[in-house]
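Asker: Sharing a structure below in structure tokens format, with a few things to ask.
The values are calculated or read from the model by the stated rules, or taken from the named source; none is laboratory data. All values derive from a computational prediction rather than experimental measurement. All Cβ positions, even for glycine, are placed from backbone atoms using ideal geometry, and neighbour counts span all protein chains on display. Calculation scope for accessible area: heavy atoms of the full protein, side chains included, ligands and nucleic acids excluded. Shrake-Rupley method; radii C 1.70, N 1.55, O 1.52, S 1.80 Å.
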Amino acid sequence: MKYNIHYDIAAIILTAVILIHYYHRKTIKQPQSHVFTRLMWLSLLTDVLDIITVVMDEYRFSALTVYAVNVVYLILFNMAPFLYYMYLLTLIRHRELWTRRDKLVLYAPVSCVAVLICTSPLTRLIFYYSPVEGYCHGAGFFLLYIAALIYMAETVVITLRHRVQMTIWQRSSVYLYLLASAAGILIQIFLPDLLMLQFATSLSLLVLYMSLENPDEDDDKLLGIYNRRGVEKVVGAAIDAEERFRLLVVTVRNFQIVRETAGVSFCQVMMKQAMEHLKVTVKPCPLFSISEGRFAVMVDGRSKTEEIIGALQQEFGQPVVSDGMNIQVRIGILQIDYPTEVSSIEDVMDSIDYAEAFQTEGNDDRVFHSSSELLNKMRYENRILQAMQQALDNGSFKVFYQPIYSTKEGRYHSAEALIRLIDDELGFISPEVFIPMAEKNGMILKIGEFVFRTVCEMMARERIWEKGIDFIEVNLSVVQCMQEDICEMLYGVMDEYDIPYSCINLEVTETVIARDILWNTMERMTVGGVTFSLDDYGTGYSNLTNVLKYPFHIVKLDKSMVWYAMENERAMCALRHTVAMMQDLDKHIVAEGVETREQRDILEELGCHYLQGYYFSKPVPEPDFLERLA
């Protein structure tokens, strides 16, 4: 038979190009990378041997030589699907976690085929040599294809079974490999003289390299160092090998300020120059880009951590110059020690993410250490963020109402709306925990609108003013007050539900006033009839100037001030004068934290207009609140 070796030659060229590119570029060696390396060399050697066997058959080499070379060639040829399946298995789970079935499926077909090939000179089952016909396929040659199909079928099974932990690109590369291999086998069966199978294998190798082993995906091309994906690969490989290391995560604390001052291009050049210097000073420790203004250095057991930390601090210790202006760069360093502080790649990546949250605070360059306590705190906070997002998505936030008692009228006069979050997994989450987090990430805007809209809907539905409630107090956060369209949103919702503006009282803390962002909002809202309350008076930024300057209708005395007055005569004197002063200023007074009959009587005697606390009612769901008004 006259064989066409043109596709074999193309396969050699393609495989050689992949090999050259693979070794020329820096690559991160992982367990599956070693299998891939064997697969590349096996493919190249098989391509060459395929051509040699054709030449030997054409020129009628001795039977012994033909048998020897073909045995080697066929064994190597049938190891390709074996190695590909091993690669996929190693990619999905560590070798130590392979099951007995994994090992049986992996080694049994290739071992059986190897025995059949090696005994073919005696059995003529797989192939034989005839002085007249030359090299010939035996009656059992199809068994080689059966073995390949077994590996291909198992590849489908393991891909479908573990599709959740594989990316769509990984799954696509597997399917392309299967398609190319199946096409090559069919062509080889129906056109045995056209040697296409090796070319199909090389194409599969190319797909594998471009999708799963491509070093470009691990590089930050701007800085010339590894990227975040590279962290996962290098650190993950070190953890799999149980090698001790330290990861130093560096954050430029004032990167945002430097960028706003000097520009994006300047920051890119600054970071690139720093990385070029550090490649020399911290060599051979690898560098990783995490995000803008953040990178990491991996220190193995042979390098001195203190010297590398010193090199990092020295690199960013001198001011950078932009347009004649000196800019001092501040860095923070998080040190992650394996295995003393973290035990898995998930712990490492979580620590890196958590570092961004606290390394931007403060101005010192001290080194922080990761710990299980920090990780648990971060994961708890992340779970709370997820719970808040889920509550926003499905409307499961709850608005509770705490009635406010009028000492003059002897009835409930108003109420404060309070947000509540109850998660199926975490249970009740205190507003003191999730509100600051919501303010930090901007989620407070949607939460604030949800509360306001819920309150207005309830008031319109129940016509709450007909039940003796003059207004509902709704808290307004710092972040909400900073929005230019806050007034339009508030007026828009009230108009949507046809709520009298006087039925809404917006409650703010002195933290808002301290940021000098409230005046414009108060001016625009009070014109329409909305009133304002100053909350937590007696704590924090308490300042009489704020009461005089801003048009507050109500001043709410903080519960800490009330409670302390009940046990300290000097504090009671201060409370008495505060109430008298607010009365003289024509301010309505709400005393918070009233929990006993004695506190009620004292505060009523002092002249407090309104009382709020557990003595009258704790915050309750809407149905319970409405029942109290009946």
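Asker: Take the residues in region 383-412 that are part of a strand (DSSP E or B) and touching a His at 6+ places or on another chain (Cβ under 9 Å); name whichever of them is surrounded by the fewest Cβ atoms within 10 Å (Cβ to Cβ).
Answerer: SER406
Asker: When only residues in region 615-630 that are touching a Ser or Thr at 6+ places or on another chain (Cβ under 9 Å) and free of Cβ contacts under 8 Å to residues at least 60 places away in the same chain count, which is nearest to MET458 (Cα to Cα)?
Answerer: Top of the filtered list is ASP624.
Asker: Quick check: is even one residue across region 117-130 under 27 Å from LEU205 (Cα atoms) and of a type in the set (Lys, Arg)?
Answerer: No, because not a single residue in region 117-130 is under 27 Å from LEU205 (Cα atoms) and of a type in the set (Lys, Arg).
Asker: Residue pairs, Cβ under 6 Å, 6 or more apart or interchain, first in region 317-338 and modelled with pLDDT under 80, second among the small types (Gly, Ala, Ser). List them.
Answerer: Pairs found: SER322/ALA262.
Asker: Also, quick follow-up: So, restricting to helices (runs of 4 or more DSSP H) that lie completely within region 194-292, which ones have at least 2 residues that are in contact with a Cys (Cβ under 8 Å, 6 or more places away or on another chain) and either of a type outside the set (Phe, Trp, Tyr) or open to solvent by 60 Å² or more (accessible area, probe 1.4 Å) (or both)? Before the answer, list the steps.
Answerer: Numbers: elements: 197-212, 228-240, 255-262, 264-281.
Counting at least 2 such residues, we get 255-262.
Asker: Here's another thing I want to ask about it. If I go through region 138-176 residue by residue, how many of them are outside any helix (DSSP H, G or I) and aliphatic (A, V, I, L, M)?
Answerer: So the count comes out to 2.
Asker: Where in region 501-610 are the helices (runs of 4 or more DSSP H), entirely inside, with at least 1 residues that are under 23 Å from HIS413 (Cβ atoms) and either open to solvent by 70 Å² or more (accessible area, probe 1.4 Å) or of a type in the set (Lys, Arg) (or both)? Give the steps one after another, and end with the answer.
Answerer: Working: elements: 510-514, 519-526, 544-549, 559-565, 569-584, 597-606.
The helices (runs of 4 or more DSSP H) meeting that bar are 559-565, 569-584, 597-606.
Asker: Okay, moving on. Of the residues LEU89, LEU74, only one is out of contact with any Pro (no Cβ under 8 Å at 6 or more places or on another chain) and either open to solvent by 40 Å² or more (accessible area, probe 1.4 Å) or within 24 Å of ARG161 (Cβ to Cβ) (or both); which?
Answerer: Answer to the selection: LEU89.
Asker: Ok, one more. Do any residues in region 174-193 that are over 22 Å from LEU39 (Cα atoms) have Cβ atoms under 9 Å from those of residues that are of a type in the set (D, E, K, R), where the two are at least six apart or on different chains, and which pairs are they?
Answerer: Cβ pairs passing all conditions: ASP193/LYS2.
Asker: Now a separate question. Please work out which one of (1) open to solvent by less than 20 Å² (accessible area, probe 1.4 Å); (2) at pLDDT 85 or above; (3) not in a strand (DSSP E or B) is the condition ALA355 fails and give its number.
Answerer: Tallying (1) open to solvent by less than 20 Å² (accessible area, probe 1.4 Å); (2) at pLDDT 85 or above; (3) not in a strand (DSSP E or B), ALA355 fails exactly one: (2).
Asker: Is there any pair with a first residue in region 143-157 that is within 13 Å of LEU106 (Cα to Cα) and among the β-branched types (Val, Ile, Thr) and a second that is buried (at least 16 other Cβ atoms within 10 Å of the Cβ) and at pLDDT 90 or above whose Cβ atoms are under 6 Å apart and which are 6 or more apart or on different chains, and what are they?
Answerer: Taking only residues 6 or more apart or on different chains, the pairs are ILE150/PRO109.
Asker: Tell me whether region 161-172 contains one or more residues that are among the charged types (D, E, K, R), surrounded by fewer than 19 Cβ atoms within 10 Å (Cβ to Cβ) and farther than 23 Å from MET86 by Cβ.
Answerer: Checked region 161-172: no residue is among the charged types (D, E, K, R), surrounded by fewer than 19 Cβ atoms within 10 Å (Cβ to Cβ) and farther than 23 Å from MET86 by Cβ.
Asker: Take region 71-92 and flag every residue that is in contact (Cβ under 8 Å) with a residue 60 or more places away in the chain and among the hydrophobic types (A, V, I, L, M, F, W, C).
Answerer: LEU74, PHE77, ALA80, PHE82, LEU88, LEU89, LEU91, ILE92
Asker: Can I ask one more? All but one of (1) outside any helix (DSSP H, G or I); (2) open to solvent by 30 Å² or more (accessible area, probe 1.4 Å); (3) touching a residue at least 40 places away in the same chain (Cβ under 8 Å); (4) among the aliphatic types (A, V, I, L, M) hold for ALA417; which doesn't?
Answerer: For ALA417, the exception is condition (2).
Asker: Within region 469-477, identify whether any single residue is in a helix (DSSP H, G or I) and touching a residue at least 12 places away in the same chain (Cβ under 8 Å), and answer yes or no.
Answerer: No: zero hits.
Asker: One residue is enough: does region 118-127 have a residue meeting the conditions under 15 Å from TYR67 (Cβ atoms), hydroxyl-bearing (Ser, Thr, Tyr) and loosely packed, with under 12 Cβ neighbours inside 10 Å? Steps first, please.
Answerer: Going residue by residue through region 118-127, those that are under 15 Å from TYR67 (Cβ atoms) are 118-127.
From what is left, the residues that are hydroxyl-bearing (Ser, Thr, Tyr) are 119-120, 123.
Restricting the remaining residues to those that are loosely packed, with under 12 Cβ neighbours inside 10 Å gives none.
So far as region 118-127 goes, no, none of its residues is under 15 Å from TYR67 (Cβ atoms), hydroxyl-bearing (Ser, Thr, Tyr) and loosely packed, with under 12 Cβ neighbours inside 10 Å.
Asker: Give the residue that is most open to solvent (accessible area, probe 1.4 Å), with candidates limited to residues of region 614-630 that are in contact with a helix residue (DSSP H, G or I) (Cβ under 7 Å, 6 or more places away or on another chain) and of a type outside the set (Asp, Glu).
Answerer: Within region 614-630, the subset in contact with a helix residue (DSSP H, G or I) (Cβ under 7 Å, 6 or more places away or on another chain) is 615, 617, 622, 626, 629.
So of that shortlist, the ones also of a type outside the set (Asp, Glu) come out as 615, 617, 626, 629.
Numbers: TYR615: 77, SER617: 4, LEU626: 32, LEU629: 30 Å².
This residue is TYR615.
Asker: Are there any pairs with C-beta distances below 6 angstrom linking a residue in region 436-448 that is open to solvent by 20 Å² or more (accessible area, probe 1.4 Å) to a residue that is part of a helix (DSSP H, G or I), with the two at least 6 apart or on different chains, and if so which?
Answerer: The qualifying pairs are GLU439/VAL479; MET443/MET388; LYS446/LEU392.
Asker: Now a separate question. What helices (runs of 4 or more DSSP H) lie completely within region 31-106 and have 1 or more residues being more than 34 Å from the chain's Cα centre (by Cα) and modelled with pLDDT under 85? Quick ask: steps written out before the conclusion?
Answerer: Working: elements: 31-58, 63-77, 79-92.
Of the helices (runs of 4 or more DSSP H) lying wholly inside region 31-106, those with at least 1 residues that are more than 34 Å from the chain's Cα centre (by Cα) and modelled with pLDDT under 85 span 31-58, 63-77.
Asker: Taking only region 97-117 into account, find how many residues are open to solvent by less than 20 Å² (accessible area, probe 1.4 Å) and farther than 19 Å from VAL35 by Cα.
Answerer: 2
Here is a yes/no grid of residues against (1) surrounded by fewer than 19 Cβ atoms within 10 Å (Cβ to Cβ); (2) part of a loop (DSSP other than H, G, I, E, B):
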{"position": "GLU306", "(1), (2)": "yes, no"}
{"position": "GLY310", "(1), (2)": "yes, no"}
{"position": "GLY317", "(1), (2)": "yes, yes"}
{"position": "VAL321", "(1), (2)": "yes, no"}
{"position": "ILE333", "(1), (2)": "no, no"}
{"position": "SER343", "(1), (2)": "yes, yes"}
{"position": "GLU346", "(1), (2)": "yes, no"}
